1. Lysine pairs in the chain with alpha-carbon atoms under 21 Å apart, 8 or more places apart or on different chains: how many are there?
2. What number, in percent, do you get for the relative contact order of the chain if the mean sequence gap of Cα pairs under 8 Å and at least 6 apart is divided by its residue count?
3. Taking neighbour Cβ counts within 10 Å as the exposure measure, how do D288, D155, D119 sort from fewest upward?
4. I want to verify a result. In a Gaussian network model of the chain, Cα cutoff 10 Å, which of these has the top mean-square fluctuation: G201, G60, G146?
5. First select every other residue whose beta carbon is under 15 angstrom from the beta carbon of P131; then total the charges, Lys and Arg +1, Asp and Glu -1.
6. In debye, nearest 20, what is the charge dipole magnitude of the chain about its Cα centre with +1 on Lys and Arg Cβ and -1 on Asp and Glu Cβ, if you could check?
7. Relative to the longest principal Cα axis of the chain, at what angle does helix 159-171 sit, 0 to 90 degrees, rounded to 10?
8. Could you tell me how far the Cα centroid of region 29-82 sits from the Cα centroid of region 99-131, in Å?
Amino acid sequence: MRLLLLGLGLWALSGCGAGPEAPFIIFASPDSPRAQEAVAGLKKAMAPHPLQVVTAPEFGPEGVEALKGIRAQRPRLLFVLGSPALIRVAPVEKSRPVVFAMVANPFVTGAADNPQHPDIHQKNLTGIASPPPVGAALEQGARLLGPGPWGLLYDPREGQAVEVAQLFIKLAPAHGLTPLTETSSDPATDLPALHKLLSRGARVLYLPPTASAARYAAPVLSWGRERQVRVVSSQPEGDHKGAVLWVALDYQALGQEAAALGKRILAGENPEHIPITEKMPLKVEADDSLIRHWSGYPGVTRIPAGGR
């Protein structure tokens, strides 16, 4: 009996299994190259603390089971990457400290309610809001290429694509740009929709940072390389050669920002008292050869041949 009581006492003193040896876990959903970049930034900034990484698809039962496994380990600190992961975590994890990142709008995830009060949020968590860099791309693109009509193709079935399109329409006029949009929900209709944007007078095609835009990024960038159309891209993955301007989120830097918040909590700060912050670290590149070329064609866009 004494041994049993001693064991129970030591278990209680250890924080019910969540003492100094409890793990630091990253829960990312969905898995993607941008999530992997954020994980790399987190691991680098959190060294020498080892970080266990758990990934899950955006939809389906795998995410539920993955989160159950994570919670069973009673992590000392849980990093959450991606809105789908945060939507799963926020309703069920109410006590252990949570730091989130790679979330465009945390105020629709259940973690917090009012974007006017980022200091009011679920008591055990805090994190970083990182909206898509549409405004930065429009601002820098307008400075570089001048005013005029820009075209955006988006998939109305993808929530993020709809949000980006709304931002594009809202923000473009402030930079002297006329927003033109078309929709396509199938690869077979992507190219006709792009040609329609050009026939309507789009001088620039904007590749947004959405999953559906990756469908048609390759042909658009090939048009850019062939000097048939100006392209501004915010696609963070893959080769962006062919874009006059590339403005994308730096996901490794976002991971490092999340690690900085985690270290503050480990040093004793209460996540309840750390407001949700908006951070948009950027990677920006301009193609000098394309800029020189298009400077001689200030008002001309060459509509590519169909089927390219």
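Each reported figure results from applying straightforward, stated rules to the coordinates on display, with no laboratory input. What you see is a predicted model; the values in this text were computed from it and never measured. Here the Cβ positions follow ideal geometry from the backbone for every residue, glycine too, while neighbour counts run over all protein chains shown.
1. Pairs that pass both the separation and distance tests number 15.
2. Numbers: 585 pairs, mean separation 58.2, N = 308.
In percent, rounded to a whole number, it is 19.
3. In increasing order of surrounding Cβ atoms, one gets D288, D119, D155.
4. Result: G60 has the largest fluctuation of those listed.
5. So the surrounding residues net to -2.
6. Numbers: 30 positive and 27 negative charges, 47 e Å.
Using Cβ point charges on Lys, Arg, Asp and Glu, the chain gives about 220 debye.
7. In the chain, helix 159-171 runs at an angle near 60 degrees to the longest axis.
8. So the separation of the two Cα centres works out to 18 Å.
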